[in-house]
Amino acid sequence: MVNPKVRKATIIAVVLVLAIVVLRLTGVLTLEPVVDVKTTTSPTLRGLTLNGAGATFPYPQIVEWVRGFYNRSGISINYQPVGSGAGLSQFLQNVTDFACSDPPLKRGDWEKYRGTVMQVPWVVGAVVIVYNIPEVPANYNLRLTGEVIAKIYRGDIRFWDDEEIKKLNTEIADRLPHKEIVAVYRSDSSGTTEVFTTFLYKSAPNVWDSKLVGKNIEWPVSKVGRGVGGQGNQGVTQVVQTTPYSIGYVEWSFAITNKLQVAAVKNREGNYVLPSENALKEALRNINLPKSPLDDFSRTLEETIYAGGPNSYPITSPSYIILWRSYQSNNKALAMSEFLKWVATEGYKNVVPGYVAPPSEVINLLLKAAEILISK
Amino acid sequence: MIRIKSNQSFFTVSRHDRNLFLLLLPTAVVVVGLLLITFLLISSRASEAVKTYGLSLYVTSAWDPERERYGLFVPLAGTLVTSAIAALTALLLSLSLSIVVSEFLRGAVRNFLSTIIEFMSGLPTVIYALWGVQYAAPVIRDYVMLPLHKYLGFIPLFACEPLSGYSVLSAGLVIGISIVPYVTSLICESYMLVPTAYREACLGIGATRYETTKILLGLCRPAVIAAVVLGLARAMGETTIAAALVGNSMTISYCVFMPSYTVSALIAAQYGNAQLYMYAESVLYSAALAILILALVLSLTGLTLLSKWRSKVLA
């Protein structure tokens with residue numbers, strides 16, 4: 001019989017070793033010394049934490065930036081992906097220092113905080129239409145128009161071999177199966193849904209009513225039993241992957257990492273465009289951005305969606321950083337300003353797949369915001 | 001060793017005992033108090049929506065927070081149907097499992113199986129949900145829903161063409177599987193409680209094992225019913241599996257292949273952003289209240305049935 005004390009000690013040792021191995025493997029514990037901090041900021045800012053919350057849409061990109069910025073400056077940023085709406089309300093209640101939101105501030109809110117709140121469309125992404133039709137070859141991208149997508153989500157187009165879909169895809173028309181379409185949507189309240197439904201309304205106002213635009217809508221297709229809701233982008237991705245003959249909409253980065261089939265969508269000028277860096281940049285080039293971060297951006301959401309330009313991707317959407325012009329603490333204002341400057345100069349060199357760096361006008365907006373940030 | 005006579009009053013027991021009692025009292029009171037507070041809190045949060053929308057909140061269906069239109073009929077009905085399917089699944093599986101374990105297996109194999117069942121009852125439900133989304137949903141569609149529709153399509157329950165694996169049936173089946181260990185342990189326990197005299201009597205008159213099992217199960221019937229009622233209460237509250245598999249769609253039909261909603265899934269999906277809208281949060285609370293009351297009634301019924309049966313059998 002083993003001495004119980006010895007046994008206890010052995011168990012503790014094994015648990016400790018396991019814990020260390022797990023921490024090492026997951027990267028939580030690094031034995032190498034932290035990369036020496038090449039700081040350009042004043043030492044008083046080191047160790048400071050900025051708190052932000054908001055959209056899940058730019059989260060992978062923000063995580064990347066937070067890491068890079070911390071190595072550079074020693075300032076940590078804590079970002080909680082709680083959703084655009086919740087993030088904005090936490091920010092306005094001064095729970096957090098900044099928010100990220102897919103839609104910009106509504107005009108009413110902007111007027112209420114006019115001159116004190118700043119917005120910059122700092123991350124550009126896209127909502128992509130994904131589908132799972134085993135019969136369609138992997139090297140072919142289905143062509144769809146806003147009107148057809150709207151009819152699918154209304155439940156008017158029922159089968160994949162509908163004449164309207166065949167007409168757009170003559171090369172593979174005979175391969176489209178006579179199978180009912182399962183339309184997948186977000187079951188939670190989401191900025192992605194708002195962007196997607198805004199696109200449907202703008203591209204097919206006769207089919208998709210303005211009442212059906214928002215973060216959380218009543219899907220007509222679910223009334224006929226052909227709609228399925230998924231929780232978050234991950235949920236929608238999973239449903240589409242496991243359900244043959246389904247269609248869904250997710251953020252571009254999710255389609256890339258999960259290797260989903262993506263549809264080419266007809267833009268305003270009549271071309272079918274796949275999401276790509278150039279297609280997203282072109283969509284942003286064709287809009288009139290406000291000149292100052294203090295201006296009203298509420299119309300920009302509508303403008304970037306279904307924008308002009310022969311090669312622009314029609315469901316392009318920037319995500320906004322929303323911050324105060326002045327902060328109580330001098331250090332916070334300085335740290336925030338450093339972060340914006342760092343993103344504008346360094347951060348955009350490291351853009352995660354699924355996002356693109358915004359055009360130079362936006363970079364100027366970021367720099368301007370960094371410049372006019374003050375402490376109370 | 002300290003002995004306390006049962007008729008000793010609080011003031012006459014030793015100082016140590018009294019202190020121990022006083023030390024333990026707050027935690028015990030907190031647990032009981034929490035249930036009461038939860039109930040009061042949920043009712044008070046729900047009252048706003050109930051006052052605004054009245055009874056129509058429970059008999060219509062809508063989820064349109066941007067226009068503040070709500071109706072909970074679909075999630076409530078969806079919850080009932082899903083948990084009924086779950087309870088039925090659990091009953092079928094648990095009954096066979098309990099008979100195999102308590103009647104046919106002996107020794108190491110039986111111990112091993114009992115340990116496995118106990119282990120399964122401790123599994124976090126999110127494991128079932130992950131397995132359900134990745135594997136069960138497509139398999140249920142291909143190997144359960146499609147054959148049912150093909151051969152029994154004339155029954156209204158199976159009349160509609162199965163589209164995706166995300167349906168009332170899938171959610172019910174997976175929730176049912178997840179509560180099997182719970183229901184099984186309840187049934188096994190009751191089965192063992194039947195006095196040996198009955199079994200001896202059966203064997204004495206030359207009954208086969210099948211006949212013995214049948215007679216003993218007959219004696220257990222109230223306990224089995226109680227186990228299923230308790231399982232039903234548990235299935236009703238299941239959130240993770242429901243949210244992953246029920247399809248999250250505001251629709252309900254007589255056909256179990258259609259996607260629908262359950263109250264727990266609705267709360268899981270909508271609570272995060274509910275505070276952005278005026279009544280959404282309160283509506284979710286009133287949905288929770290309805291489920292809480294139903295689950296309380298079911299649990300009480302189940303427990304009463306069980307204790308009545310126990311006292312009768314053991315008498």
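If you go through region A:280-289 and pick out every residue that is surrounded by fewer than 22 Cβ atoms within 10 Å (Cβ to Cβ) and without any contact (Cβ under 8 Å) to a residue 60 or more places away in the chain, you end up with 4. Condition (residue is of a type in the set (Val, Ile, Thr), on the phi < 0 side of the Ramachandran plot and either within 25 Å of the chain's Cα centre (by Cα) or outside the structural domain of B:Leu216 (by TED's automatic domain parsing) (or both)) applied to region B:147-159: is it met by at least one residue? The answer is no; no qualifying residue exists. Restricting attention to region A:235-270, the residues being without any contact (Cβ under 8 Å) to a residue 12 or more places away in the chain and among the charged types (D, E, K, R) number 1.
Name, by its number, the condition in (1) away from chain A (no Cβ under 13 Å); (2) crowded, with 18+ Cβ neighbours inside 10 Å; (3) out of contact with any strand residue (DSSP E or B) (no Cβ under 9 Å at 6 or more places or on another chain) that does not hold for B:Ser299. Status for B:Ser299: all satisfied but (2).
Looking only at residues in region A:155-183 that are assigned to a strand (DSSP E or B) and in contact with an Asp or Glu (Cβ under 9 Å, 6 or more places away or on another chain), the one that is surrounded by the most Cβ atoms within 10 Å (Cβ to Cβ) is A:Glu180.
When the strands (runs of 3 or more DSSP E) confined to region A:198-280 are screened for residues that are touching a helix residue (DSSP H, G or I) at 6+ places or on another chain (Cβ under 6 Å) and within 14 Å of another protein chain (Cβ to nearest Cβ), those reaching at least 1 such residues are found at A:227-230, A:246-251. Looking across region B:174-191 at every residue that is buried (at least 24 other Cβ atoms within 10 Å of the Cβ) and more than 14 Å from B:Val101 (Cα to Cα), the one that is farthest from the other protein chains (Cβ to nearest Cβ) is identified as B:Ile179. The residue of region A:148-207 that is farthest from A:Ser101 (Cα to Cα), among those that are acidic (Asp, Glu) and in contact (Cβ under 8 Å) with a residue 40 or more places away in the chain, is A:Glu180. A single entry from B:Ala223, B:Ala201 fulfils the requirement of being away from chain A (no Cβ under 14 Å) and buried (at least 20 other Cβ atoms within 10 Å of the Cβ): B:Ala223.
Taking the condition out of contact with any Leu (no Cβ under 9 Å at 6 or more places or on another chain), more than 11 Å from chain A (Cβ to nearest Cβ) and without any contact (Cβ under 8 Å) to a residue 40 or more places away in the chain, does B:Ile267 pass? Judged against the criteria, B:Ile267 is not a match. For region B:241-259, filtered to residues that are facing chain A (nearest Cβ under 9 Å) and hydroxyl-bearing (Ser, Thr, Tyr), the residue that is surrounded by the most Cβ atoms within 10 Å (Cβ to Cβ) is B:Ser249.
Just one of (1) in a loop (DSSP other than H, G, I, E, B); (2) farther than 24 Å from A:Thr116 by Cβ; (3) of a type in the set (A, V, I, L, M, F, W, C) fails for A:Phe297. It is (2).
Given the criteria touching a helix residue (DSSP H, G or I) at 6+ places or on another chain (Cβ under 8 Å), surrounded by fewer than 24 Cβ atoms within 10 Å (Cβ to Cβ), more than 27 Å from B:Leu72 (Cβ to Cβ) and among the small types (Gly, Ala, Ser), does B:Ala207 qualify?
Working: touching a helix residue (DSSP H, G or I) at 6+ places or on another chain (Cβ under 8 Å): yes; surrounded by fewer than 24 Cβ atoms within 10 Å (Cβ to Cβ): yes; more than 27 Å from B:Leu72 (Cβ to Cβ): yes; among the small types (Gly, Ala, Ser): yes.
It is true that B:Ala207 is touching a helix residue (DSSP H, G or I) at 6+ places or on another chain (Cβ under 8 Å), surrounded by fewer than 24 Cβ atoms within 10 Å (Cβ to Cβ), more than 27 Å from B:Leu72 (Cβ to Cβ) and among the small types (Gly, Ala, Ser).
Quick check, is B:Ile293 of a type outside the set (Gly, Ala, Ser), surrounded by fewer than 22 Cβ atoms within 10 Å (Cβ to Cβ) and under 24 Å from B:Gly132 (Cα atoms)? Here the answer is no, as B:Ile293 does not meet what is asked. Yes or no: A:Arg175 closer than 19 Å to A:Pro134 by Cα and away from chain B (no Cβ under 14 Å)? Taking the combined requirement at face value, the residue satisfies it.
Considered as a group, the residues in region B:136-162 that are in contact (Cβ under 8 Å) with a residue 40 or more places away in the chain and not hydrophobic (A, V, I, L, M, F, W, C) include one that is surrounded by the most Cβ atoms within 10 Å (Cβ to Cβ), and that residue is B:Pro162.
Screening A:Ile321 with (1) over 22 Å from A:Asp102 (Cβ atoms); (2) crowded, with 22+ Cβ neighbours inside 10 Å gives one miss only, at (1).
Scanning region B:147-173 for residues that are within 11 Å of chain A (Cβ to nearest Cβ) and of a type in the set (Phe, Trp, Tyr) yields one hit, B:Tyr166.
Would you call B:Tyr198 aromatic (Phe, Trp, Tyr), assigned to a helix (DSSP H, G or I) and either within 24 Å of B:Gly71 (Cβ to Cβ) or at pLDDT 90 or above (or both)? Against the criterion (aromatic (Phe, Trp, Tyr), assigned to a helix (DSSP H, G or I) and either within 24 Å of B:Gly71 (Cβ to Cβ) or at pLDDT 90 or above (or both)), B:Tyr198 does not qualify.
Selection of first residues in region B:167-185 that are touching a residue at least 12 places away in the same chain (Cβ under 8 Å) and of second residues that are of a type in the set (Lys, Arg) and outside any helix (DSSP H, G or I), restricted to Cβ pairs under 8 Å at least 6 apart or on distinct chains, gives an empty result.
Against the criterion of being assigned to a helix (DSSP H, G or I) and either closer than 28 Å to B:Thr125 by Cα or in contact with a strand residue (DSSP E or B) (Cβ under 9 Å, 6 or more places away or on another chain) (or both), B:Tyr58 qualifies.
Yes or no, residue by residue, for (1) among the charged types (D, E, K, R); (2) in contact with a Gly (Cβ under 9 Å, 6 or more places away or on another chain); (3) touching a residue at least 60 places away in the same chain (Cβ under 8 Å):
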site: A:Val273; (1), (2), (3): no, no, no
site: A:Gly308; (1), (2), (3): no, no, no
site: A:Ser312; (1), (2), (3): no, no, no
site: A:Ser326; (1), (2), (3): no, no, yes
site: A:Ala333; (1), (2), (3): no, no, no
site: A:Gly354; (1), (2), (3): no, yes, yes
site: A:Leu367; (1), (2), (3): no, no, no
site: A:Ala370; (1), (2), (3): no, no, no
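Of the strands (runs of 3 or more DSSP E) lying entirely inside region A:34-141, those containing at least 2 residues that are within 14 Å of chain B (Cβ to nearest Cβ), surrounded by 14 or more Cβ atoms within 10 Å (Cβ to Cβ) and under 20 Å from the mean Cα position of the chain (by Cα) span A:49-54, A:98-101.
The values are calculated or read from the model by the stated rules, or taken from the named source; none is laboratory data. Since the structure is predicted, the reported quantities are computational estimates derived from the model, not experimental observations. Neighbour counts are summed over all protein chains in view; Cβ atoms, including those assigned to glycine, are modelled from backbone coordinates with ideal geometry.
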